[in-house]
1. Which of the residues that make up region 22-38 are surrounded by fewer than 17 Cβ atoms within 10 Å (Cβ to Cβ) and without any contact (Cβ under 8 Å) to a residue 40 or more places away in the chain?
2. Can you find even one residue in region 212-224 that is of a type in the set (Val, Ile, Thr) and at pLDDT 95 or above?
3. Considering each of Arg225, Arg218, Arg168 in turn, give the residue that is surrounded by fewer than 18 Cβ atoms within 10 Å (Cβ to Cβ) and either assigned to a helix (DSSP H, G or I) or of a type in the set (A, V, I, L, M, F, W, C) (or both).
4. For Glu52, state whether it is modelled with pLDDT of 95 or more and either assigned to a helix (DSSP H, G or I) or crowded, with 20+ Cβ neighbours inside 10 Å (or both).
5. Quick check: is even one residue across region 105-120 basic (Lys, Arg), touching a residue at least 24 places away in the same chain (Cβ under 8 Å), more than 22 Å from Tyr41 (Cβ to Cβ) and surrounded by 13 or more Cβ atoms within 10 Å (Cβ to Cβ)?
6. Regarding Glu171, is this residue out of contact with any Lys or Arg (no Cβ under 6 Å at 6 or more places or on another chain) and either aromatic (Phe, Trp, Tyr) or modelled with pLDDT under 95 (or both)?
7. Of the numbered conditions (1) at pLDDT 95 or above; (2) surrounded by 12 or more Cβ atoms within 10 Å (Cβ to Cβ); (3) of a type outside the set (Asp, Glu), His89 satisfies every one except a single condition; which is it?
Amino acid sequence: MNRIARYERTARQALLSLANHDDDPKTLHRLRTHLRRFQAYFEFAGDGRQAEILSSCVSDLSRLRTLHVFEKYLKQAGARQKDIDEIGHRIAATVEKMTRRRLYETVLTRLNGLQLPPSPSAPQWLQQRLRCARTGHVEALRALIAEASTCPRRQVLHALRLRLKTIRYQEEWVGGGSRRDRPLLRLLKRAQTVLGDYEDRVQFRKLAGHLSKRTRRRVKRDWRRAKKKARRLAPQLQAVVDGLMRCAMPRRDVTSRVTAGVGLSVR
């Protein structure tokens, strides 16, 4: 099955499930991940307007996802039940607010309004977009790595994480996870994890403001550790730039496979 159609179908199924009161954090995570993958495709195709629509949808779901992750963190850290319950109450309040706003239905409506870019000459289109995307990513990565190496501010590291995530999703789509792409994909995933852990800890510090002193100390300690790891990461990312530049064009059979059905509507 065409990967893009699968992303859309998975996101739609997750949305319908959440709208019917599915409270499993994995369902929300699956929705956000596939919306991001879908967004990365539109960015690859050069359709910034529709990519921004999907980015907005993901942002609308971010607070609940952060609360879910924080609750899991507190449980694994052996936090006091009072602190865990407090975050549970915040989750319930956030879900109630999202339900009142009919947020999931709104996201579904936005998804229904998207149109995949037409591809009258699919293989040529893919090759052209691939060259353009990789060139843009290499230039952006070099600038972000340079800035993060000399002044690793949170905003820069956050921008770096989003760029790496987009690159990973686009490379997965184009290459289909082939063996020769795996070293680059592993690099991207590891870097995402380090930067993502730091961003999570930043959010945890904000959420822990009214929790117990013991929990606040634990959160602050883990935040410092995550920040140190994230700030050391930038110089190592030259390997990602090199891997991206070496990454060969997909074979003809892969090109044909990933472009099949590109002109279909996602409705």
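The values are calculated or read from the model by the stated rules, or taken from the named source; none is laboratory data. Keep in mind it's a predicted model, so treat the numbers as computed, not measured. Counting neighbours? That spans all protein chains shown, and the Cβs are built from the backbone with ideal geometry, glycine included.
1. Asp22, Asp24, Lys26, Thr27, His29, listed by residue number.
2. yes
3. Arg225
4. So Glu52 fits the description; yes.
5. Checked against the condition, which is being basic (Lys, Arg), touching a residue at least 24 places away in the same chain (Cβ under 8 Å), more than 22 Å from Tyr41 (Cβ to Cβ) and surrounded by 13 or more Cβ atoms within 10 Å (Cβ to Cβ), region 105-120 yields no hits at all.
6. So Glu171 fits the description; yes.
7. Going through (1) at pLDDT 95 or above; (2) surrounded by 12 or more Cβ atoms within 10 Å (Cβ to Cβ); (3) of a type outside the set (Asp, Glu) one by one, His89 breaks only (2).
Each row is one residue, and each column tells you yes or no for (1) in a helix (DSSP H, G or I); (2) closer than 30 Å to Leu126 by Cβ; (3) touching a helix residue (DSSP H, G or I) at 6+ places or on another chain (Cβ under 6 Å).
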position	(1), (2), (3)
Gln13	yes, yes, no
Leu31	yes, yes, yes
Phe42	yes, yes, yes
Ile84	yes, no, yes
Val95	yes, no, no
Tyr104	yes, no, yes
